[in-house]
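S.K.: Next up is a structure, given as structure tokens.
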Amino acid sequence: MQKKLRILIVEDEVAIREGLIDVFIYHGYDVDFSGDGAEGLTKAQTGQFDLVLLDVMLPSLNGFEICNQIRQHDPEQAIIMLTAKSSDEDIIEGLSLGADDYVAKPFSVAQLVLRVQSVLRRSHKVANQNQQIQLADDLVIDCQNFSGNKGSESLSFTSREIDILQYLQANSERPVSRDELLNKVWGYAKDADLETRTVDIHIAKLRRKIESDPSQPSYLTTVRGAGYRLLV
């Protein structure tokens, strides 16, 4: 019998939390939960969960702090954040801290389940890709250890960022569209009707790490009307 995937739901609104628990149990997941930020972080750091579904506004410790601490402890942990629909700042901060994706409240349950399935599907793939990306003599990325060096500066990456870089490297002869990245890196179906800025925000975060001048990228470039290209 196949082992159930485990989801941790950290959400303080009782009605939303109980609804999410019911939904994911119905879809075959093993679910644990917390309504408190500090307790949620303690549970998340046990490493027992395949995915953490994390609200932003929580008592004792907010979702941003939890996401940041999880990432420092485990760069591979799959995280989806629940954000306020009207707050671009929440979305940008959550993704910048290392969340794999976000879902804005109020959300469609069907779309949330789709995003959870996609993030889990991608996180459980073992990619047959190069373990090192060298963009310059002094800019080397160690994909296996989620780290790198830019001159004397040490870099750290999330697993999602490494996935993006590896996919762009494998297709470096051409630009890769935003929709293709959503399909191949995030695992969303090609015909999925999703409103998300997650690709753009991840690209911006990567540029801040690897580029000398993120506003004029030399390695992770934009091809107008076509997508992104990694120059290796």
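FYI, it's all coordinate maths here, none of it is from the lab. Note that this is a predicted model, so its numbers are computed, not measured. Methodologically, a virtual Cβ is constructed for each residue, glycine included, from the backbone with ideal geometry; neighbour enumeration extends over all protein chains shown.
S.K.: Please compute the modelled spin-label separation between Thr46 and Gln131, points set 7 Å along Cα→Cβ, answer in nm with one decimal.
M.R.: Output for this residue pair reads 3.2 nm.
S.K.: Along each of the three principal axes of the Cα atoms of the chain, give the extent in whole Å, ordering the values from largest to smallest.
M.R.: In descending order, the Cα extents are 52, 42, 39 Å.
S.K.: Follow-up. In debye to the nearest 20, how big a dipole does the range 6-123 give about its Cα centre with +1 on each Lys and Arg Cβ and -1 on each Asp and Glu Cβ? Don't skip to the end; give the middle numbers.
M.R.: On the way: 9 positive and 20 negative charges, 78 e Å.
That gives a dipole near 380 debye.
S.K.: Among the listed pairs Lys43/Lys190; Lys3/Lys43; Lys3/Lys105, which are separated by more than 23 Å between their Cα atoms?
M.R.: On the way: Lys43/Lys190 34 Å; Lys3/Lys43 20 Å; Lys3/Lys105 31 Å.
In this structure, Lys43/Lys190; Lys3/Lys105 lie more than 23 Å apart at Cα.
S.K.: Working out 0.36 nm times the residue gap between Thr221 and Glu180, then minus their Cα-Cα distance, what length gain in nm do you get to one decimal?
M.R.: 13.2 nm
S.K.: Which of the trypsin sites (Lys or Arg not before Pro) found in the range 8-102 are in a DSSP loop and have at most 14 neighbouring Cβ atoms, other than their own, within 10 Å?
M.R.: Lys85
S.K.: For an R0 of 22 angstrom, estimate the FRET efficiency from the Cβ-Cβ distance between Lys3 and Glu76 and round to the nearest 0.05.
M.R.: 0.80
S.K.: Then there's this: Pull up the DSSP beta bridges for the chain and report the antiparallel fraction as a percent, rounded to 5.
M.R.: Restricted to the chain, the bridges split so that about 45 percent are antiparallel.
S.K.: Could you tell me the calculated FRET efficiency between His27 and Glu89, based on Cβ-Cβ distance and R0 = 30 angstrom, to the nearest 0.05?
M.R.: 0.45
S.K.: Do the sum for the chain: with -39,500 (n - 2.57) for every DSSP H run of n ≥ 4, divided by all residues, what is the mean residue ellipticity at 222 nm, to the nearest 500 deg cm²/dmol?
M.R.: Details: 8 runs with 88 residues, N = 232.
Taken over the chain, the calculation gives -11500 deg cm²/dmol.
S.K.: For the chain, with the dipole built from +1 on Lys and Arg beta-carbon atoms and -1 on Asp and Glu ones, taken about the Cα centre, which of Ala104, Ser177, Leu61 lies farthest toward the positive end?
M.R.: Ser177
S.K.: Could you tell me the largest-minus-smallest coordinate of the C-alpha atoms of the range 132-230 on each of the three principal axes, in descending order and whole angstroms?
M.R.: Largest first, the range 132-230 extends 43, 27, 23 Å along its Cα principal axes.
S.K.: Using unit Cβ charges (K, R positive; D, E negative) and no other charged atoms, how large, in debye to the nearest 20, is the dipole of the chain about its Cα centre?
M.R.: In total the dipole reaches around 760 debye.
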